[in-house]
Amino acid sequence: MKLTKNIRRKFRVGNKLKQVAKKDRYRLSISRSSKNISAQIIDDSKNITLLSASSVEKDFRLEKKISKTELSKIVAEKLAKKALGKQISKIYFDRGLYKYHGRVKIFAETLRKNGMEF
């Protein structure tokens, strides 16, 4: 079975994270589609999701039309507030198969501005 470019990139990024990962940090995994963006903080040692935030949640459906970049900023701020509420500040940023560009970059920069370290 031949692996596609995206799948190879996803495995490459994931394996690099596993090599340098320390046990005192959690992993922030991000996923995006053409309209929405979501992220979750995962504890890999216990294989559980600690926190998540998504643009599909009820809060965002009530708002008027928002650009996708603004939506990324809002979701990142919401996730950062949840994480700091649970005393999580150090994470690893797992961008998955997405390039560090555009909405993913804006998401990461907004997290850094709101007190997350990675």
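Annotation for the stretch 62-72: no member residue is over 11 Å from Ile106 (Cβ atoms), modelled with pLDDT of 90 or more and either under 15 Å from the mean Cα position of the chain (by Cα) or acidic (Asp, Glu) (or both).
Might you check whether a residue that is over 14 Å from the mean Cα position of the chain (by Cα), within 20 Å of Lys113 (Cβ to Cβ) and of a type in the set (Asp, Glu) occurs anywhere in the stretch 30-51? Working first, answer last.
Within the stretch 30-51, the subset over 14 Å from the mean Cα position of the chain (by Cα) is 34-35, 44-48.
From the residues that got through so far, the ones that are within 20 Å of Lys113 (Cβ to Cβ) too are none.
No - not one qualifying residue is present in the stretch 30-51.
Evaluating Arg25 against the criteria (1) within 21 Å of Phe11 (Cβ to Cβ); (2) crowded, with 16+ Cβ neighbours inside 10 Å; (3) under 13 Å from the mean Cα position of the chain (by Cα) leaves one unmet condition, (3). For Leu71, the conditions (1) outside any strand (DSSP E or B); (2) surrounded by fewer than 19 Cβ atoms within 10 Å (Cβ to Cβ) are fulfilled apart from (2). Set side by side, the residues Ala53, Ala76 differ, and just one is assigned to a helix (DSSP H, G or I) and without any contact (Cβ under 8 Å) to a residue 60 or more places away in the chain, which is Ala76.
Close Cβ contacts (under 8 Å, 6 or more residues apart or on different chains) running from residues in the stretch 80-97 that are of a type in the set (S, T, N, Q) to residues that are surrounded by fewer than 18 Cβ atoms within 10 Å (Cβ to Cβ) comprise Ser89/Gly115; Ser89/Glu117. Selection of the stretch 73-105 for residues being of a type in the set (Val, Ile, Thr) and over 11 Å from the mean Cα position of the chain (by Cα) yields Ile74, Ile88.
The values are calculated or read from the model by the stated rules, or taken from the named source; none is laboratory data. Note that the coordinates shown come from a computational prediction; the quantities given were computed from them, not determined experimentally. No Cβ is skipped: glycine too gets one built from the backbone with ideal geometry, and neighbour counts run over all protein chains shown.
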